[in-house]
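Data block below; observations after.
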Amino acid sequence: MRYILGIDIGTTAIKATVIGEDGAVYGEAACEYELTTLPTGEVEADLQLYKDAFEQAIKEAVSSSKVDKKDIKCVGFSSTAETCVFLDENNEPLCKVIAWMDTRGTKEAEYLSQHFDKKDIISKVGFDNIYAIHPVSKILAVKNKNPEVFEKTRMFAQIKDYFVYELSGKFITEHSVASDHGFFDITNRCYWKEMLEFVGMNERYLPEMVEPGMEIGKITAEAAQKYGLDVDTMINVGAFDQACGAIGAGNIKSGIASESTGSALVTVATIDELSPDSEGTVPTLCSGIPGKYMYQPYCTGSMIMKWYRDAFCEAEKAVEKETGLNAYTQMDELVKNTAPGADGLIMLPYFQGSGIPELNEKASGVYYGINAGHTRGHFIRAIMEGLAIALKRMLECEEELGATMTEIRSLGGGSKSKAWCQIKADILGMPVKVVKNSGSTPCMGCAILAGVANGIWPSVEEAAENFVAIKETYYPNPENKKVYEETYKKYVEITKALNPTFY
């Protein structure tokens, strides 16, 4: 049996999974780290926190798998696409890692959007404007506010780039991660030279560019010893986490879309080519499958549920501590005992700005229609319904550009909630299929890419067909159709009315 080690570098945790050539998971581990969030929009953490979690996750996953390290033939990577690392000439960090949701570059994003022609931005970046989420905005913000860091930087890396270097000794990135940088041309699949020149970035200080899923060589002897891997283990550059999650969910062709409700709510629809009708309102990136693209709208996700749990569910947390019954499971029961539509309570889930079609980075969360009869169950259900409506609106925008979908593959932490999955099916009006091992789909996706490149499997399509299994399917309840049509209509009206007030 040959095995692949898939590593997913997420927002607040690194997960490592050992997957066999039979597609089964043999060992896995997840190691968390804390991000520091400041009121001014900065979200950051020390690189050492990531490094410690990376090492621990690999060693625990391999140990739990009980697999001989010589049988782990390759390592694949998945990660967020906008988490920035600034390194000096010795590849040491010059400042804290800047997380993807950091908004310190909001003014810089507006400045860049005004300077470049919108048609160029749409064709090269795949968005209608440059946004704070894009690393180019974060990098320009660092240049403006911390010029000494910018001047000393000799490698502008993303978090996956750094750990690819950690194992391979090479700074190499790929199209899918680079396509969300703001300085990569998704049409021609190369760095956007005019943007680099305008910001003052030297291309020498950027990673080498390759296609997603490319095998780039063996692990270094030093890294093999440090992480307990064999010296002949091959390293694969992998892909963007949402692209890997889509592959791991079997979303590799039209008709299937996937949604991941993790820290962010993200949808992915795989497409074969760029739409000439795109106005950039639906973010378009390079897929994890070489040559393909994907629509990838996003907004704030399960972090809202975590916020509510931490702020208002002390009783549930106490029960979890005493009995082991998960607080989220208890919250699910409150939702199940609350009527669809939450008795008129509507939540706009805009904790880090709103997603498409508004894409308003200055929007903030809103509860609308509160009355004395509302309970915690109503407030929790309103979060789930608000995010399901946000999902519906994103999918509608994808369909307007020609994406087709008859089912949704659900992954991420939100897929564990039966109440939430049923709400999504009811609001979307189509089946929601929860993928088996849904929490491991990014690791499965990057493992499939690595396994194919290593010759373990013949193609991405065949591996996905053989190994992606559906755990449970939720079908729309026609009895809830009318109430959710009204809730959806009210949600849109409230958003349009309040949008001008967010500044």
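Per-residue Karplus couplings for the range 390-397, computed as 6.51 cos²θ - 1.76 cosθ + 1.60 with θ equal to phi - 60°, are listed in order as 4, 4, 4, 5, 5, 5, 4, 5 Hz, Gly and Pro entered as x.
When you count the other C-beta atoms within 10 angstrom of each residue and take the mean per peptide, 9-17, 363-371, 119-127, 33-41 line up highest first as 9-17, 119-127, 363-371, 33-41.
Karplus-based coupling profile of the range 20-26, in residue order and whole Hz: x, 5, 8, x, 8, 8, 9, with θ = phi - 60° in 6.51 cos²θ - 1.76 cosθ + 1.60 and x standing for Gly or Pro. Computed over every Cα-Cα pair of the range 298-441 and binned at 5 Å starting from 0, the pair-distance distribution P(r) comes out as 2, 9, 18, 21, 22, 16, 8, 3, 1, 0, 0 percent. Could you list the residues of the range 237-266 with an amide nitrogen less than 13 Å from a label point located 7 Å from the Cα of GLU461 in the Cα-to-C-beta direction? Label zone hits: 252-254.
Taking the Cα centre of each part, how many Å lie between the range 444-461 and the range 148-162? Using only Cα atoms, the two centres lie 30 Å from each other. Taking each residue as 0.36 nm, the span from LYS489 to LYS152 lengthens on full extension beyond its C-alpha to C-alpha distance by 116.1 nm. Counting only DSSP beta bridges whose two residues both lie in the range 3-237, roughly 70 percent are antiparallel.
Counting every alpha-carbon pair across the range 395-503, the share separated by more than 16 Å comes to 70%. Calculate the FRET efficiency for ASP22 and LYS70 from the Cβ-Cβ distance with a Förster distance of 22 Å, rounded to the nearest 0.05. With R0 = 22 Å, the Cβ-Cβ based efficiency is 0.75.
Taking 0.36 nm per residue of separation and subtracting the current Cα-Cα distance, fully stretching the chain between ALA339 and GLN114 would add 76.3 nm. Remark: the range 296-303, residue by residue, has Karplus-estimated 3J(HN,Hα) of 8, x, 8, 7, 4, x, 5, 4 Hz, where x stands for each Gly or Pro and the curve is 6.51 cos²θ - 1.76 cosθ + 1.60 at θ = phi - 60°. Distances over 42 Å make up what percent of all Cα-Cα pairs in the chain? So the pairs more than 42 Å apart make up 13 percent of the total in the chain. Simple point charges give the picture: +1 on the Cβ of Lys and Arg, -1 on the Cβ of Asp and Glu, and for the chain a dipole about the Cα centre of about 720 debye. Think of each Lys and Arg Cβ as +1 and each Asp and Glu Cβ as -1; about the Cα centre, that makes the dipole of the range 1-132 roughly 400 debye.
One compactness figure for the range 129-262 is 1.18, namely its Cα radius of gyration divided by 2.2 N^0.38 Å. Note on the chain: dipole from Cβ charges, positive end direction compared against GLY288, SER123, GLY412; the farthest Cα belongs to GLY412. A cut-off of 5 Å between modelled amide H atoms, ignoring neighbours fewer than 5 places along the same chain, links PHE184 with TRP192. Taken along its three principal axes, the alpha carbon spread of the range 210-299 comes to 50, 27, 22 Å, from the longest extent down to the shortest. When +1 charges are put on Lys and Arg Cβ atoms and -1 charges on Asp and Glu Cβ atoms, the dipole computed for the range 3-237 relative to its Cα centre reaches about 200 debye.
Shape analysis of the range 3-237 based on the Cα gyration tensor places the equivalent ellipsoid semi-axes at 32, 18, 16 Å, largest first.
Computed from the coordinates by the stated procedures, all read-outs in this text should not be read as laboratory data. Predicted model, so just to flag it, every value in this text is computed and none were measured. Don't worry about glycine lacking a Cβ; one is built from the backbone with ideal geometry, like all the others, and counts go over all protein chains shown.
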